Each structure stands twice: as structure tokens, then as C-alpha cells.
Amino acid sequence: MWEGLGLQVFLMCLGAMLCSAVAASAPLEHSHHRRLSLHRHRERTGKEGQVLHRSKRGWVWNQFFVIEEYTGPDPVLVGRLHSDVDAGDGNCKYILSGEGAGTIFVIDDKTGNIHATKTLDREEQAQYTLTAQAVDRATNKPLEPPSEFIVKVQDINDNPPEFLHGPYYARVPEMSNVGTSVMQVTATDADDPTYGNSARLVYSILQGQPYFSVEPQTGIIRTALPNMDREARQEYDVVIQAKDMGGHMGGLSGTTEVKITLTDVNDNPPKFPQSVYSMSVSEDKVSGEEVGRLKAKDPDLGENGLVSYRFIEGDGMTVFEITTDTDTREGVIKLRKPVDFETKRAYTLRVEASNTHVDPRFIAWGPYKDTATVKVMVEDADEPPAFMETSYSFEVEENAPDGTAVGRVHAKDTDVANNPVRYMIPRYTDVEQFFSVGPEDGIIKTTRPLDRETLPWHNISVSATEIGGHHQDTKVRVNIKVKDVNDNAPEFATQNEILVCENIFMHTSNHHLIETVSAVDKDEMAHRQYFHFSIAPEAVNNHNFSLKDNRDSTASIYVTRRGFSRMTQDVYFLPIEINDNGIPPMSSTNTLTIRVCSCDSKDTILSCNVEPYILPAGLSTGALIAILACIVILLAIVVLFVALRRQKKEPLIVFEEEDIRENIITYDDEGGGEEDTEAFDIATLQNPDGANGFLPRKDIKPELQYPMRPGGGPVANSVDVDDFIKTRINDADSDPTAPPYDSIQIYGYEGRGSIAGSLSSLESVTTDSDLDYDYLQSWGPRFKKLADLYGTKDSADDNS
């Protein structure tokens, strides 16, 4: 890779040393050469013989070159600067500035020689820009203006090619044609591509032949062999080399690895490893069970290796089926229907395996399928007995005596031995043991009478067990229907009461429809069979109701009287006989309840409850006249009072302010009873005027003054309500000057905490009373009824 590098470096160093020696031996000639080349200091003669003088330039130099990577012992002479003002007496001083001045490049201030003190690398910096100036050594004043010059670094082949993106991975289909492009690799060289062949690259293949090749100039990798098979070899490791100097000796090189993978194509048909497959299946296997598997091998991958299987011929194509297991790519043979050893003992099938996806480029390499023969042997198994039918249905009449034959089931052993069979009924299918079966003949019989209305169907199972074998059994379903016998009498469909108004109005002369009744029967009704209704013989002669059979299993109930009296009788019971007209006929007597209710004028029922009635028979005519007279007197008093109020007469008593005793004071909140000292101010019951003295009357003059008893009236804040009221009553009774008006105080709620009992009369009806009502007998005939009521109650209590 680095061959020729040492020789090249040696030659470059030798050339640099020779250049330095020549420059040191003839500096004047070099400078003079520059001066002549740059300033062209010469004289020209004019046409008229005049001598023309061309002005001289101050600086004489060219751009300088230095070779990179110089490793000699002495600094490399880059070049020499010389000014025309330099007389060589040492008064001229040269100054260097710019990139690398003083560090990389140094100048002899007397001679103007420039040397490189360090090794230069063109790949780091290709050129340097410097500024030179000649100044007076004594005064440092510029002798000429400064000028720039360039030092270029000459390239040498010191950088090998590099593959920046390696290693590489590529894929190419198998069986590709020769010259198929795989991929392109590219190397880079840091050397100067414009100088020599240092950066001129050539590609070659070091590993991977003869399968692949590479184009020298572009680096494109191509297939070199035809029909490369992935199944034979899938991966290839290829090494590519890039060499500079055009690939010649002494050039530097770099390598990279390329891993090439062959992708799969469908170039292989499926193939059975063997031509004949043998399988076996027991005759006791059920449909859908697996018989066996076979697999055709296909080395292709993915969908290129997918294989489907099918039967193409054979005597078992209707008995067996084949499917494809997508996970294992096997053909799975299953039973389509059960086999029977006694009927057929062997089957032969032809199976074909073919690719699902075929590549049209390789279709000429086909066919992409293969066939094999499958032989299936049927094995004998000890099978349970088989019933002649899959299920049985029988009928038996209800109420049939025990031991009645219902039907017969039959099963037999299908094996070659043909062993006898024993029958039995599993108890879990006939928990109450309504039936029994003959163990040898399979005849099913009843063990008790059956009731269709309780259970119309019996679903049981009968088991048949092989005797002498492996005691295998099989079961069959037996459905037994209980046939109906007319053994139930009809009855009312509903047991609701019929409500009728006591003041019922007869719309016709004889009948008024109040209800239509119907009946039900637990037995089955035959076609055109209906119920017959009639009034029971014991109620045929009643004068209240009648019945009409509608001949559609309903009957209409009519009222035959114009009204009822709830006080006389509020409930009527009408017995009705219902006949079902069956075979044998069944009848029953059902009682219809009819309740008399109170209704309004529109026959709307108001109440059907029994209410107590108080007859006014005990009141005489005189008592009624007295009650009316009292009512009239009360009305007259009310009218008189209203008339007096309208006259707006001056009040009889002179008030200094409004008399609060004429107001009705209502308290809507509940008081606290005797324990409440804040809810009500007792001062409102006091007479504000009478508390300080007598109230004068305007209509009469008092004859004497009746003073208040000292200490008789409680103070306003007193909480003894009972004493206060008694005191006020006593004062009002004994004071002749008291006004003829009462102060009405209404207490809407009774407070809590009172030790006194309730004054309400509502509880007197439900609570026992110790009062004696005998004094009512002395009130006269007008209160005789009241005295009789209370007296009767007392008498009843005594008797009890």
C-alpha cells in the first residue's frame, strides 16, 4: 500500500538540496535574473536617436515554491528578495510579515534570503501570502512601499485513497445475468488532483473473483458469473482496492470490504422426498380429525417457497380433505366424514403440491409442482352400539295406568363380534322415574299415571351398552308427549268482583247488561269446542240477575230489577255452572260476586265500602222546628250586628287610644307552653286603660266605685298564665263598670311542655272517658237522641 513512498521522498529531498545549493552559490545571478525579467531594465533608442530611459521598479521577485513534507536537517531556501535601493553597504534592512512570518518563514534582513523552518503540508494549507518591505536600518523608515508575494506548497503523493463509507452491503437477485450492476464504491484522495497523478485513482478487485468484477475508472461492481444460485451460496465477501498514481508502481492504495447477498427468486419447484406415503386412521375418529401430514420441500424463501396441496384423484376424495399449514408448509389430511372398517378398509389418494407464486422469468424451468401417492388404512375399533335412529318420539295418554308401553328403541353392535346390547335410562334424565326400559328388548313403559297439565313433555335419554366388550355405551334422545284427556273442569278466567250501582236504571223493560264472563280450561280445547254457561239450579229462580250463553265461550250477566239498596244487601253471590262439552264432559260451579256501590247521576261509582247510617227516626217534629228556629235567630243576630256596624255610631266607651281588645290577635307561631317565658307577652291580655283605674261608660253612670283588689293582678312579665286568667275573670265578673265586650285571643298552636291535657274534642272519640253523661236525660226530649247514644255506649261498656 505504501510501496515506493520511501524512494519518492528520497528523490524529493535530493532535489531540494540541489536547489538550495544552486541558490546559495549564485544569488546575484538569481536576483539579476529576476530584476531583468520583472523590471526589464534596458534602454530603447528612439527613431530620432533619442535615448529613452524606463523607470525602475523597487522590488524584484516572482512567486516562490516549496516542496511539502521536506524533512532535511537545514531550513529550506524558499527564495531571495533584493531591492534596487540596496547598495550593499548594509544600510538596507528587509522585513517580512504575513501568514507564517517569523514562525514558518524567516528572512535574512541583510541578504533578503527567505527560509522555511518547518515541514509544510499542502493538505493543511496550499499557499501562504506574505508582505515584504525594505527600510532604512538606522531610521526604520521605508525605502520603498511594501509588496505582497505568494509562497505555494508543491504537492507530493503522501496521502493514500480512502473509502469513507465502507464497509459496504449490497444485494443482487440470484440467477442474474453477467454484468448485472451490484453497486458503486467511491474512494477519495487528499492529494492535489491538478498536479501530477497523485490523486488519479484506479479500482481493482482483490477478493471475490471470479464471481464479481469492478470497473477500474468508476468503481461499479458487476456480476461476473451466470446462474449464481442462492441455495448453493448466499453471501460473498468482496475486497475492492483503489490506487493512486494511475495504478502505477509507487502509487498509494486503500481497500474496502463489500458484503454481497444473493436474494431469492422462485427458481426451484416443490419436491416430495418420497413418492408414496402410508397413513392409518381408526374407524372411531370423527369428522375433522387429522389423519396425517406430508411435506413437499421447496428451498426458496418467502412467497417463492409457498406450496399448496390438493387431491387430484383417488377413491377417498369424498372421505378425506387436505389443507395447508401456513406455519410449517405441510399438507394436512383430515377426515371429511367417518370411516367404517367393516365397510371399507383402505383408500388411495393422489396428492399434488404446487407453488403459489411462479416467476414468469423462470417459467421455462418448470413445471413448479410435484405429485405423490397416499395410502390410508382403516383400523378396526371397538365401537359402541349404534341406535337405528338419531332420536325417538313417542306419545302416551295421560292418566294411563303404570306399565303402559310407550315405545321401543333399538341398537346393535356394529363390530364384527356383534355382541348383545343392554338398555337403561340414566337417572339424571328422568329424575322422578316416570319411565322404565326393558334391559334386553328396549321397550319403554310408564311407572305411574302422567298428568299433561303438570308436564306435557318428557325428554329422557336411553343408554345402550355392549355386553362382553369394553362396555362402551351410546345414548339416544327420546321425546315423549303426554296426550290430553278431558279431566279438568272449566273455571272463570278471572275472579274479579262485579260492581253495580244501587240506583241502576233499566234501559230496557227486562234486562240491563252488567258484565260478560269467560272461562278457561287446563285441558286442550278441541276444534269448535266451546264452554256452556248456565245459572246453577239452586239460583235459577232468583229475581235479581239472569244469564245469557253467547255460544262463544262467554256469557252475559243481566240485572233484572230496577235498583238495589245497600242498607238491605250490598253483596250478591250468583252461582254459575260451566260445562266444557268435552269427552267425557266436565263441569264446575263457580260463584260470581256482585257488589252494590254508591254512584252519581252518571253511573260513576263513588264508593263500594260499607258506611254507617244514622237514621233520623228518633227526632220529632217539634225538635226539628226548634232547630230551625235557632238557626233563624242566629241569622237575625248576624244581620243586626252588621247593620249596627254600618251606622258607624260613636262607641259607648271613651278610649284615649284604640282599644286593642276589639282586635283578634292571631299568633302563627307555636308557643312554648308554660315553660315559654319569651314567646308571648302576657301584657297584651291586660287592659291598658283599666290597669290604672276604672273605664268610664257612656251609656250609664256607675253608682259606686269598685276598687281593684290590691295585689290581685299579676304583672305583665308574670309567667303564671292560669292565675292571671282566673284573676281577670274574677275582676270582670265583679266589676260593674266593665265594658260589655269580650277580648278574643286566638292561639293557633298549642305549646310544648304544658302539664295540662289537650282541650281538643277530636281525641274523645277514640279514647275512653270517665265523664258521666246521665245528666243528658234531664235536658228534655230535644236531647233524648244524644242521651240515648251516650247512654247506649255506657250500657254496652257495662255489659262487656
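The values are calculated or read from the model by the stated rules, or taken from the named source; none is laboratory data. Since the model is a prediction, treat every value here as computed from it, not as a measurement. Positions of Cβ are generated from backbone atoms using ideal geometry, with glycine treated the same way; all protein chains shown enter the neighbour counts. Note: areas computed on protein heavy atoms with side chains; ligands, DNA, RNA excluded. Shrake-Rupley method; radii C 1.70, N 1.55, O 1.52, S 1.80 Å.
In plain terms, the C-alpha convex hull of segment 162-263 casts an average shadow of 6.1 nm² when viewed from every direction.
Kirkwood hydrodynamic radius of segment 320-408, from the reciprocal of the average inverse Cα-Cα distance over all distinct pairs: 19.1 Å. Among the GluC sites (Glu not before Pro) found in segment 282-329, those both in a DSSP coil and sparsely packed, with 14 or fewer other Cβ atoms within 10 Å of their Cβ, are GLU289.
For segment 281-364, evaluate the Debye formula with one uniform point scatterer on each Cα (no solvent term) and list log10 I(q)/I(0) at q = 0.15, 0.25, 0.27 Å⁻¹, rounded to two decimals. Once normalised to I(0) and log-transformed, intensities are -0.61, -1.21, -1.33. Could you tell me which of rounded, prolate or oblate describes segment 121-199, using a ≥ b ≥ c as the square roots of the eigenvalues of the alpha-carbon gyration tensor, with rounded for a/c under 1.5 and, failing that, prolate when a/b is larger than b/c and oblate otherwise? Because a/c hits 1.5 or more and a/b exceeds b/c, segment 121-199 counts as prolate. Normalised by 2.2 N^0.38 Å, where N counts its residues, the alpha-carbon radius of gyration of segment 63-154 equals 1.11.
As a calculated quantity, the FRET efficiency between HIS410 and LYS271 at R0 = 60 Å, using C-beta atoms, amounts to about 0.65. The charge dipole of segment 112-266, taken about the Cα centre with unit charges on the Cβ atoms of Lys, Arg (+1) and Asp, Glu (-1), comes to about 180 debye, rounded to the nearest 20. Taking 37 °C and 0.692 mPa s as the conditions, I'd like the Stokes-Einstein D for segment 386-483 in µm²/s, using the Kirkwood hydrodynamic radius from alpha carbon pairs. So the translational diffusion coefficient is about 238 µm²/s.
Of the residues LEU306, LEU96, LEU164, the one with the largest accessible area comes first in the ranking LEU164, LEU306, LEU96, computed with a 1.4 Å probe on protein heavy atoms. Based on the Stokes-Einstein relation at 20 °C and a viscosity of 1.002 mPa s, and on the Kirkwood radius from alpha carbon pairs, segment 491-607 is assigned a translational diffusion coefficient of 141 µm²/s.
Counting heavy atoms of the protein chains alone, VAL540 has an accessible area of about 80 Å² for a 1.4 Å probe. Placing a label point 7 Å from the Cα of ARG350 along the Cα-to-Cβ line, the residues of segment 277-315 whose backbone N sits under 12 Å from it are 311-315.
The value of relative contact order for segment 92-185, using C-alpha pairs under 8 Å at least six residues apart, is 23 percent.
Of interest is the spacing of the C-alpha centroids, which for segment 282-336 and segment 81-121 amounts to 96 Å. Amide H to amide H, with H built 1.01 Å from N, GLN472 comes under 5 Å of GLU466, counting only residues 5 or more places away or on other chains. Take the Kirkwood radius over Cα pairs of segment 414-561, plug it into Stokes-Einstein at 4 °C and 1.567 mPa s, and you get 62 µm²/s for translational diffusion.
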